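The values are calculated or read from the model by the stated rules, or taken from the named source; none is laboratory data. These figures come from a predicted structure and were not determined experimentally. Methodologically, a virtual Cβ is constructed for each residue, glycine included, from the backbone with ideal geometry; neighbour enumeration extends over all protein chains shown. To get the accessible areas, we keep the full protein, side chains included, count just its heavy atoms, and leave off ligands, DNA and RNA. Shrake-Rupley method; radii C 1.70, N 1.55, O 1.52, S 1.80 Å.
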Amino acid sequence: MPKLIYLEAGGSPFETGRALGSFGAAAMHGYAQRSPAWATVVHHRGTAMAKAMAAQVQTGFPRIWDELQGLAAGLELPFEDVFLWNCRGDLWAMAPDGCTTVQEAGTLRRITHNEDGDPAFAGHCAIAACAVEGGASFASFVYPGSLPGHTFAVTEGGLAVTVNNLRCLGVRPGVPRMVLARALLEAANLEQALALLRSTERAGGFHLTLAHRDEPRLLSVEFSSEACSVVEITGRALHANHAVHATLRDLPQIVTGSSQHRQHRGNALLAGGDSNAADPLRVLADHGDAAFPILRADPADSDGENTMATADIRIGASHIEWQVYEHPAQPPRFHMIDGHASTEKSQRAHSA
């Protein structure tokens, strides 16, 4: 399985973005020269859709616009191309972004998440601890060339977020979904997060699992350009890469064979009588369906995605304690408290 590093970034939004860009520069330069995904996305240079999305970000989210400017500077790639790459799921329904999440409500809420992405980035991803001047401090899984927040993240302020791809077809020239996910990390509580999602003119769509250490709710949120659905989890649930809320059953979307099978297989494991098999980490390590496993490690995966990392996030009343695994059936790589690595794990990360 791919190795993860621990990365620290901070300063102004531009400086934070530049540090993240410098981290991902080598991987992105190799990727941009040969990837059909990159070529598909940058084909939208100069289009009305791209210009409209850029204008909305520059006007409505100037700090994230600055972070993107810094990201491009650190990557040493044209800003327009980097911006489009961070709009990839809005511009292209089959962008290589996946994921599976197990949600468990209760006094101690638990969110367990497989981060599935482009296999080309295996070994080039990180847990980034970001302290942005004038904004929230957080830790997030990051891909080279991408904003934090659209994967899994925990903020120092007590918000936990995991994100799953939705392959929406009814896309509009709104705020790119990755920008919106980054903006969520600034929310002080669940109501602020939901208000942001509902009030913003959205381009594409995501599924989010949201929790806050000061609140008892565990929320499943599906949004697209057309709608935003919020469901409170009361037991255990699983979510793959298509909208499943009753109010979004008619959402124009692509449901791949992998997403459909992971949803059905995960639901069956959670509903079964074997509590060991239904443990979230075991569910996310499952490969019982050989053609469409939940844990995805085949270079020839049907959606072109592999599992990059697994996060197991436990949200209590006083703090959020979470582990990050390179493989859900092996010991964790990092042990985190709120938005920080514990001293022992941080030292291991820097010495590894």
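The set of residues in the stretch 147-178 being surrounded by 24 or more Cβ atoms within 10 Å (Cβ to Cβ), over 14 Å from the mean Cα position of the chain (by Cα) and on the phi > 0 side of the Ramachandran plot is empty.
Table: residues versus (1) modelled with pLDDT of 95 or more; (2) polar (S, T, N, Q).
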position	(1), (2)
A95	no, no
T101	yes, yes
S137	yes, yes
S140	yes, yes
L159	yes, no
P176	yes, no
E186	yes, no
Q192	yes, yes
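The C-beta contact set for the stretch 21-33 (first residue touching a residue at least 12 places away in the same chain (Cβ under 8 Å), second residue buried (at least 16 other Cβ atoms within 10 Å of the Cβ) and among the hydroxyl-bearing types (S, T, Y), distance under 9 angstrom, 6+ apart or interchain) comprises G24/Y143; G24/S146; A27/Y143. Checked against (1) modelled with pLDDT of 95 or more; (2) out of contact with any Leu (no Cβ under 8 Å at 6 or more places or on another chain), Y31 meets all criteria but (1).
Taking first residues from the stretch 302-327 that are open to solvent by 20 Å² or more (accessible area, probe 1.4 Å) and partners that are aromatic (F, W, Y) and assigned to a loop (DSSP other than H, G, I, E, B), the Cβ contacts under 8 Å between residues at least 6 apart in sequence or on separate chains come to S302/F292. Scanning the stretch 115-145 for residues that are over 23 Å from C228 (Cβ atoms), of a type in the set (G, A, S) and either within 15 Å of the chain's Cα centre (by Cα) or in a strand (DSSP E or B) (or both) yields G117, A126, A128, A129, A131, S137, A139, G145.
In the stretch 181-230, which residues are in contact with a Cys (Cβ under 6 Å, 6 or more places away or on another chain) and part of a helix (DSSP H, G or I)?
Of the stretch 181-230, the ones in contact with a Cys (Cβ under 6 Å, 6 or more places away or on another chain) are 197-198, 204-205, 224.
If the condition is that a residue be in contact with a Cys (Cβ under 6 Å, 6 or more places away or on another chain) and part of a helix (DSSP H, G or I), then L197, R198 are the ones that fit.
In the stretch 10-17, the count of residues that are without any contact (Cβ under 8 Å) to a residue 12 or more places away in the chain, open to solvent by 20 Å² or more (accessible area, probe 1.4 Å), assigned to a helix (DSSP H, G or I) and out of contact with any strand residue (DSSP E or B) (no Cβ under 7 Å at 6 or more places or on another chain) is zero.
Quick one: count up the residues across the stretch 115-135 that are of a type in the set (G, A, S) and more than 15 Å from T307 (Cβ to Cβ).
Total satisfying the criteria: 6.
Test P332 against the stated conditions and say whether it is open to solvent by less than 20 Å² (accessible area, probe 1.4 Å) and either within 25 Å of H242 (Cβ to Cβ) or at pLDDT 95 or above (or both). It is false that P332 is open to solvent by less than 20 Å² (accessible area, probe 1.4 Å) and either within 25 Å of H242 (Cβ to Cβ) or at pLDDT 95 or above (or both). Could you please let me know if P299 is closer than 23 Å to F121 by Cβ, in contact with a helix residue (DSSP H, G or I) (Cβ under 9 Å, 6 or more places away or on another chain), modelled with pLDDT under 95 and not hydrophobic (A, V, I, L, M, F, W, C)? In short, yes. Number of residues in the stretch 248-289 that are more than 21 Å from the chain's Cα centre (by Cα) and charged (D, E, K, R): the value is 6.
When each of A188, A136, A131, A181 is tested for being in contact (Cβ under 8 Å) with a residue 12 or more places away in the chain and either crowded, with 24+ Cβ neighbours inside 10 Å or within 21 Å of D90 (Cβ to Cβ) (or both), the lone residue that passes is A181. Condition check for S220 on (1) within 15 Å of H113 (Cβ to Cβ); (2) open to solvent by 10 Å² or more (accessible area, probe 1.4 Å); (3) not aromatic (F, W, Y): one failure, at (2). When the stretch 34-57 is limited to residues that are open to solvent by less than 30 Å² (accessible area, probe 1.4 Å) and either β-branched (V, I, T) or without any contact (Cβ under 8 Å) to a residue 60 or more places away in the chain (or both), the one that is nearest to S199 (Cα to Cα) turns out to be V57.
Can you give me the ranges of the helices (runs of 4 or more DSSP H) entirely in the stretch 251-352 with at least 3 residues that are farther than 30 Å from A203 by Cα and hydroxyl-bearing (S, T, Y)?
Here the list reads 343-351.
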